[in-house]
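Right, one structure below, let's go through it.
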Amino acid sequence: MAYQFDFAFIPDYAGMFAHGLAYTVGLTVAGGAIGIGIGIGGAISRLWNLRPFGNLYRYYVELFRNTPFLVQLFLIFFGLPSLGIKLVEWQAAILAMVLNLGAYSTEIIRAGLQATPPGQIEAAESLALTRWQTFLYVMLRPALRKVWPALSSQVVITMLGSSVCSQISAEELTFVANFIQSRNFRAFETYFFTTAMYFGLALLIRQAMRLIGRHLIVRRPLS
Amino acid sequence: MPLVSTNRLHKFYGKNHVLRGIKLDVEEGEVVTIVGRSGSGKSTLLRTLNGLESIDDGVIEVDGARLDVDHADGDTLRALRQKIGMVFQQFNLFPHLSVGQNVMLAPQVVKKMTNAEREGIARDMLSRVGLAEKFDAFPDQLSGGQQQRVAIARALAMSPKVLLCDEITSALDPELVNEVLNVVRRLAAEGMTLIMVTHEMRFAREVSDKLVFMHEGRIHETGHPQEMFARPATPEFANFIGSLN
């Protein structure tokens, strides 16, 4: 094997890598937080069949879970301008991430809510709680606790999927790697380093989700 | 005027006619025990009283709150439920909330009490059931008997006019039954209006002012428990008592 590994260029591009990493983290945090929020709203709309949201959510969930992320991204970035909605790259990227994760987390969280023992709801009803109070104070936290591992995995999957956003020139980690590699032709070293960064980031996100989950699980006073 | 009164109550599960015209009056301070074979409709009757089961005909009135077939919307149900506490066979404590939070939740979100008010009430109610020191414990750290006593405290914290007890000792280990019955006994002595479904016949005989024997969806025989046990008026009730021994 004649190839000589050379990682010496990496410090020269530290700033760019950092920029790409921060961009990816930003996409993931925004997509994760808003996406899970959408998922909670979607889950309860679907569970109670709230009109008109229950049905809208149904079509939305089916649409986004049965089409490729790249096509969703292209539709938002290249397609929407035809309808007069122009988004810059980062806006389109976040929107695609949010909608994608929102669809998956709707189904994940719905499963958690569905697993609420009927006795819990009866107890809340017998205490004269409204439906929304029952959802908020009795159903939501145990449901999130049950599905938190699945939700954490979905956030990681979405983070990894964000590399696709390089295709619309959103300057996230993969975009940066492509750029650097096209300059120095050190494809192996560049993508090897990028792989390591994604791997580290995925572990970090799992850890962060675990900590957030611990606050859901941990026994803390209300409000 | 009775505190709780039902008239012409009917309930169907599909084609199964489980309540066939129930008329039941309960006076303030009265302790009423509903007994009957499984499937006789006794639990269903109890659960219709606070709207956990819908009714297909009839009227339920509790201390001025009225529910009938045409008036069973959320506000009506909640008005009724504020007058009625309920304790369940399976305790149904909220596992993610501490004992104190379990008791304070409804005073907080339904009655909009301040922090100090609801904590005061929760501590009072927990000491009433002998669990003042468990305020910060979590349900899974308690025995079944203790959990059920917390459930009673949780219901009492809403100052209900009447407390429904749906087989509240059936899920307990035998040695834990008495601590729960003692709490109920004390409530009865304090003048709380109670409507219970139970299999603890000795207890029912001891504390009840009125015994209601249900059979095939109807109140088949009712009266004072001592007299009913001594001289059953119907062969069905005689048969039921016979099957207990």
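The values are calculated or read from the model by the stated rules, or taken from the named source; none is laboratory data. Note that the structure is predicted; figures quoted are calculated from it, not measured. With ideal geometry, Cβ positions are generated from the backbone for all residues, glycine too; neighbour counts draw on all protein chains shown. These area figures cover heavy atoms from the full protein model, side chains too; ligands, DNA and RNA do not enter into them. Shrake-Rupley method; radii C 1.70, N 1.55, O 1.52, S 1.80 Å.
Within region B:66-78, the set of residues being more than 8 Å from chain A (Cβ to nearest Cβ) and surrounded by fewer than 18 Cβ atoms within 10 Å (Cβ to Cβ) comprises B:Arg66, B:Asp68, B:Val69, B:Asp70, B:His71, B:Ala72, B:Asp73, B:Asp75, B:Thr76.
On inspection, B:Glu167 passes the criterion of being open to solvent by less than 30 Å² (accessible area, probe 1.4 Å), of a type in the set (Asp, Glu) and closer than 27 Å to B:Ser143 by Cβ. For region A:107-130, the tally of residues that are in contact with a helix residue (DSSP H, G or I) (Cβ under 8 Å, 6 or more places away or on another chain), facing chain B (nearest Cβ under 7 Å) and in a helix (DSSP H, G or I) stands at 4. Among all residues of region B:29-46, there is at least one that is crowded, with 18+ Cβ neighbours inside 10 Å, in a helix (DSSP H, G or I), modelled with pLDDT of 95 or more and touching a Ser or Thr at 6+ places or on another chain (Cβ under 9 Å).
Looking at A:Ser182, A:Ser152, A:Ser166, which is the one that is outside any loop (DSSP other than H, G, I, E, B), surrounded by fewer than 23 Cβ atoms within 10 Å (Cβ to Cβ), touching a residue at least 60 places away in the same chain (Cβ under 8 Å) and among the polar types (S, T, N, Q)? Answer to the selection: A:Ser152.
This table checks each residue for (1) closer than 24 Å to A:Ala143 by Cα; (2) over 21 Å from the mean Cα position of the chain (by Cα).
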residue	(1), (2)
A:Asp12	no, yes
A:Gly15	no, yes
A:Tyr23	no, no
A:Ile38	yes, no
A:Arg51	yes, yes
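Does B:Gln89 satisfy being on the phi < 0 side of the Ramachandran plot, open to solvent by 10 Å² or more (accessible area, probe 1.4 Å), in a helix (DSSP H, G or I) and within 13 Å of chain A (Cβ to nearest Cβ)? No: the conditions fail for B:Gln89.
Hey, A:Thr134 hits all of (1) more than 11 Å from chain B (Cβ to nearest Cβ); (2) under 15 Å from A:Gly41 (Cα atoms); (3) of a type in the set (S, T, N, Q) but one; which does it fall short on? Every listed condition holds for A:Thr134 apart from (1).
Please verify whether region B:179-195 includes one or more residues that are hydroxyl-bearing (Ser, Thr, Tyr) and assigned to a helix (DSSP H, G or I). No, because not a single residue in region B:179-195 is hydroxyl-bearing (Ser, Thr, Tyr) and assigned to a helix (DSSP H, G or I). B:Asp56: free of Cβ contacts under 8 Å to residues at least 12 places away in the same chain and not aromatic (Phe, Trp, Tyr), yes or no? Spelling it out, it is not the case that B:Asp56 is free of Cβ contacts under 8 Å to residues at least 12 places away in the same chain and not aromatic (Phe, Trp, Tyr).
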